[in-house]
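Undergrad: Can you keep this structure in mind? I'll have questions shortly.
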Amino acid sequence: MTAKSQRNWTGEPGALLRVGEGSRLADVDPAATPGYDDGKKHGQADLESGAAELDDLQERLFAQSRVAPGSPAVLLVLQAMDTAGKGGIVRHVVGAVDPQGVALAAFKKPTPEELAHDFLWRIEKRVPGPGMIGVFDRSHYEDVLIGRVRSLAPAEEIERRYGAIVDFEKRLTDAGIRIVKVMLHISSDEQKARLGERLDRPDKHWKYNPGDIDERELWPAYLEAYQTVFERTSTTNAPWYVVPANAKWYARLAVQALLLEALEDIDPQWPAADFDVAVERARLAAS
């Protein structure tokens, strides 16, 4: 279902970007713009109109939860190689809504306390409550991505985690949380250019991590790890979406479209007044 406010799609973004049976990450062109042929100018216009709709839907979702315990929530999971644009999604897409209705969690290297527990322990604590849009900037999937590539856990433990993730996400969706799992897919050449820009600009030096070069050397292993993640954890209730991200404007528009699709499907409603509006209007006039 194409978002009501985004008018220039030529195909359904959810269907075009969803990981299906037999999908291969190697077949996805990171420079492509599936379902959107009108270019950056129209894309930015659609992003602006989509922001207004997203803001309205988020407020309705939040308001509905104030009077209806157990109301739905949305969880956006963002995974990507470094420089792929996760921060831009948070700023330009999620940043369009009221921050009081957003729960952002950026998962870094586990602390000693976190390592003393199961890998999902720290994730469970950041699951969004009713009426919230949760955002995981990296997530539990790091434990089967870098965990696998860097051999941070035994092979049998990595294998166990795929099933644990599927069970965990099923519990979330059964509880009314819509999960939108997005892999922002950039090319190695595009990442190289973006890392170069960080080195060229003093205002970007703080974002540069020398370790990113080490990770680049493992690019094929990461793509293989992502492929396994898709095959093992893209389910009917929590599918994966691969968003080509060489064009930042397209990646932002596509993620916004996926969020709008989830919220439009929820169709949150403004709660009815639990007081007599006419009486309160009269009291206000007399005050």
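Undergrad: Can you list residues whose amide H is under 5 Å from residue 241's amide H, if they're 5+ apart or on another chain and H is modeled 1.01 Å from N?
TA: Placed amide hydrogens put 19, 181, 182, 183 under 5 Å from residue 241.
Undergrad: Additional query: Search the structure for amide H atoms under 5 Å from the amide H of residue 76, placed 1.01 Å from N in the peptide plane, and list their residues when 5 or more places away or on another chain.
TA: When sequence neighbours closer than 5 places are left aside, the close amide H contacts are 134, 135, 136, 180.
Undergrad: Same structure again: Residue 177's amide H: which non-local residues (gap 5+, or another chain) put their own amide H closer than 5 Å, with H modeled 1.01 Å from N in plane and none for Pro or chain starts?
TA: Under 5 Å from the amide H of residue 177: 73.
Undergrad: Charges at C-beta only: +1 for Lys and Arg, -1 for Asp and Glu. How large is the resulting dipole of the chain about its Cα centre, in Debye rounded to 20?
TA: 520 debye
Undergrad: Rank 222, 208, 36 by mean-square fluctuation in a GNM of the chain with C-alpha springs under 10 angstrom and give only the top-ranked residue.
TA: 208
Undergrad: What relative contact order, as a whole-number percentage, does the chain give when Cα pairs under 8 Å and 6 or more residues apart are counted?
TA: 32 percent.
Undergrad: Could you tell me what percent of the accessible area of the stretch 1-107 is made up of carbon and sulfur, with a 1.4 Å probe and every protein chain present?
TA: Percent of accessible area from carbon and sulfur atoms in the stretch 1-107: 50.
Undergrad: Follow-up. Check every DSSP H run in the chain and write down those whose alpha carbon atoms cover 24 angstrom or more along the long axis and whose mean Kyte-Doolittle hydropathy is 0.0 or greater.
TA: Once both thresholds are applied, what remains is 248-266.
Undergrad: Within the chain, which is the longest segment that contains none of the GluC sites (Glu not before Pro) sitting in a DSSP loop with at most 12 other Cβ atoms within 10 Å?
TA: 22-216
Undergrad: Can you pull the percent of the stretch 129-231's accessible area that's carbon plus sulfur, 1.4 Å probe, other chains left in place?
TA: 53 percent
Undergrad: Excluding ligands, DNA and RNA, what is the solvent-accessible area per residue of the stretch 12-171 at a probe of 1.4 Å, expressed in Å²?
TA: In whole numbers, the stretch 12-171 has 48 Å² accessible per residue.
Undergrad: Short version: ³J(HN,Hα) in whole Hz for each residue of the stretch 115-122, in order, from phi by Karplus 6.51 cos²θ - 1.76 cosθ + 1.60 (θ = phi - 60°), x for Gly and Pro, what are they?
TA: In residue order, the calculated couplings are 5, 6, 10, 4, 4, 8, 4, 6 Hz.
The values are calculated or read from the model by the stated rules, or taken from the named source; none is laboratory data. Bear in mind the structure is a predicted one, so any value in this text is a computation, not a measurement. When we count neighbours, we look across all protein chains shown, and the Cβ atoms used for this are built from the backbone with ideal geometry, even at glycine. Side chains are part of the model used for accessible areas, which takes the heavy atoms of the whole protein and leaves out ligands, DNA and RNA. Shrake-Rupley method; radii C 1.70, N 1.55, O 1.52, S 1.80 Å.
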